[in-house]
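Reading through the structure tokens given below for one structure.
Values quoted throughout were computed directly from the atomic coordinates according to the rules given, and no laboratory measurement underlies them. For clarity, every value in this text was computed on a predicted model and none was experimentally measured. Note that each Cβ is placed from the backbone with ideal geometry, even for glycine, and that neighbours are counted across all protein chains shown.
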């Protein structure tokens, strides 16, 4: 019987994927928040500049590259108070054999992640 990942488990998986990407790019973590609905997920430093990264786990049929414009502008306004840049990191997650099916516990998964999108 299939056991699907919960919303929090999907979020944690997306956080791990984005966190690894940030580490590889040389970001230094100042703060990490993996609780659902708590933004930003990452506050990181790179080239002496503060970055806010909002992570979202997305499932089929939603597009991992599409974000809520109004919400992201609100986050950007908040980030500017700290002279920080704002980024969206959407991670599409699905079953390993078929992205259109939900990700399951202890089963390979499919991922769609196109890196950070700066909110301008």
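Per-residue answers, yes or no, for (1) over 21 Å from residue 5 (Cβ atoms); (2) assigned to a loop (DSSP other than H, G, I, E, B):
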| site | (1), (2) |
| --- | --- |
| 79 | yes, no |
| 89 | no, no |
| 99 | no, yes |
| 107 | no, yes |
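Here residue 58 meets the list (1) surrounded by 12 or more Cβ atoms within 10 Å (Cβ to Cβ); (2) over 22 Å from residue 7 (Cβ atoms) almost entirely, failing just condition (2).
Residues of the range 1-43 that are touching a residue at least 40 places away in the same chain (Cβ under 8 Å), surrounded by fewer than 16 Cβ atoms within 10 Å (Cβ to Cβ) and assigned to a strand (DSSP E or B): 4 alone.
Of the residues 25, 8, 41, the single one that is over 19 Å from residue 101 (Cβ atoms) and touching a strand residue (DSSP E or B) at 6+ places or on another chain (Cβ under 6 Å) is 41.
Residues in the range 69-86 that are buried (at least 20 other Cβ atoms within 10 Å of the Cβ) and either on the phi > 0 side of the Ramachandran plot or in contact with a helix residue (DSSP H, G or I) (Cβ under 9 Å, 6 or more places away or on another chain) (or both): 84, 86. Any residue in the range 109-116 that is part of a strand (DSSP E or B) and out of contact with any helix residue (DSSP H, G or I) (no Cβ under 9 Å at 6 or more places or on another chain)? Yes: one or more hits. The residue that is surrounded by the fewest Cβ atoms within 10 Å (Cβ to Cβ), counting only those in the range 96-110 that are in contact with a strand residue (DSSP E or B) (Cβ under 6 Å, 6 or more places away or on another chain) and within 13 Å of residue 13 (Cβ to Cβ), is 96.
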